[in-house]
Amino acid sequence: MNLEEAKKTILAQVIQKQTRYEAGDVVATPMGTGVVAASMESDFEFPIAGDEEEDDATRKVQASESSPAYVVAFGGRSGVFRAEDLEQTTFEGDESFTEGEALASIAEVDVTEDDLPDGWDVQSLLDYWADIGTWTACVEGLQGEVDSPESICSDRKTLVLGTERWRNRF
C-alpha cells in the first residue's frame, strides 16, 4: 500500500467512526428504510426467528462505544446493523441502501390494520416512532393523556420491531 492509499484508508476509518445514529433517525439499510430504535454500545442478545419450541432464540451481538450496533425497526420486523451499513434518509424516497448486511435480523411478522390503532397504517407507525425515538420518550409524551402509557408504548414498540422479545434487552 502506498502513502496515498494509506491516507485514504485512514480517512475512511475516521469518517466511519464519526458516523453516529440516534433513536428516531430514519435510515436506509440493506433490508429497506427503517427507524433506529436503539443505539447499543455494549454486547447484547438480539432475538432471532426460531421455531415455536425456541421462542427465546437470540444471537449475541458485539457492540462497543467505538463500534456501536444499531437496532433498526421496519414495522413488523427489525435488524441490527453497523454504521457503515446505514445511510441517513427520509421516508419520502423510501430507498434501500444495498451494501452490507444485517448483523442479526428477525423474521417478518405480519402487521395488519387490526393490530394498529384506528386510522393508522405501518407507515404512520414508523413515522410516529421516528418522531418520538424511544420507548421512554413515548411514555413521557403520553403521561397524563392516557391511563396506561407504558402499555400503549410497549404495544407500539412491539409492532414496530415485530417482536416483544425486545423487553429488558434494548
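The values are calculated or read from the model by the stated rules, or taken from the named source; none is laboratory data. Since we're looking at a predicted model, the values are computed, not measured. Heads up, the Cβs are rebuilt from the backbone with ideal geometry, glycines too, and the neighbour counts pull from every protein chain shown.
Looking only at region 19-31, residues that are crowded, with 16+ Cβ neighbours inside 10 Å and either more than 24 Å from Cys138 (Cα to Cα) or in contact with a Lys or Arg (Cβ under 6 Å, 6 or more places away or on another chain) (or both) come to 3 in all.
Across region 128-148, the qualifying residues are those that are among the aliphatic types (A, V, I, L, M) and closer than 20 Å to Gly34 by Cβ, and the one among them that is farthest from the chain's Cα centre (by Cα) is Ala137.
Which one is nearest to the chain's Cα centre (by Cα), of the residues in region 149-170 that are of a type in the set (S, T, N, Q) and at pLDDT 80 or above? Taking the candidates together, the pick is Thr158.
Is it the case that region 12-21 has a residue that's under 26 Å from Asp155 (Cα atoms) and either of a type outside the set (S, T, N, Q) or modelled with pLDDT of 80 or more (or both)? Looking for residues that are under 26 Å from Asp155 (Cα atoms) and either of a type outside the set (S, T, N, Q) or modelled with pLDDT of 80 or more (or both), one finds at least one in region 12-21, hence yes.
Would you say Glu65 is modelled with pLDDT of 65 or more, within 23 Å of Thr136 (Cα to Cα), of a type in the set (D, E, K, R) and in a loop (DSSP other than H, G, I, E, B)? Answer is yes for this residue. Within region 125-170, track down each residue that is among the basic types (Lys, Arg) and assigned to a helix (DSSP H, G or I). Passing the criteria: Arg156, Lys157. Among residues of region 120-170 being among the small types (Gly, Ala, Ser) and at positive phi, the one that is surrounded by the fewest Cβ atoms within 10 Å (Cβ to Cβ) is Gly144.
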